[in-house]
Amino acid sequence: MSNLRVPREKIPWYPTIDADRCIHDQECIQFCKNNVFDWDEALGVPVVARPYNCVVGCDACAAICPSEAISFPPMEEFKATLRRLIAEERAQQQGQGLPVVQ
């Protein structure tokens, strides 16, 4: 068990909306229980208003989007980024003299 904690704000896992593909049905807003999306009244489109509310690894909103307008980082790219962030956190803890459980 590791005591490493990467702050959520450093983890680049959240949806992106392709405005050209979006059919403006608001399914993503109604579906997401983590309050990631808002509706932009002026533009008439959903927006990712609170990206760090997105649960890391969850891409369920992309699966329910009928126009496939929602995407996430490629999984391999995400895993590589997460490995790098964990290594950085480990190095930072070691530099501060904190014990690191491996």
Requested in this report: Select from the range 43-63 the residues that are over 21 Å from Pro7 (Cβ atoms) and at pLDDT below 95 and write down the one among them that is nearest to the chain's Cα centre (by Cα).
Outcome: Val45
Report summary line: Within the range 60-102, the residues that are closer than 14 Å to Ile29 by Cα and touching a strand residue (DSSP E or B) at 6+ places or on another chain (Cβ under 8 Å) are Cys61, Ala62, Ala69, Ile70
Requested in this report: Kindly indicate whether Pro15 is over 29 Å from Arg83 (Cβ atoms) and at pLDDT 95 or above.
Outcome: no
Query raised in the report: Tell me, which helices (runs of 4 or more DSSP H) wholly within the chain include 1 or more residues that are touching a residue at least 24 places away in the same chain (Cβ under 8 Å), surrounded by 11 or more Cβ atoms within 10 Å (Cβ to Cβ) and out of contact with any helix residue (DSSP H, G or I) (no Cβ under 7 Å at 6 or more places or on another chain)?
Result: 60-64, 75-95
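The values are calculated or read from the model by the stated rules, or taken from the named source; none is laboratory data. Model, not experiment: these values are computed from the prediction. All Cβ positions, glycine included, derive from the backbone under ideal geometry; neighbour counts span all protein chains shown.
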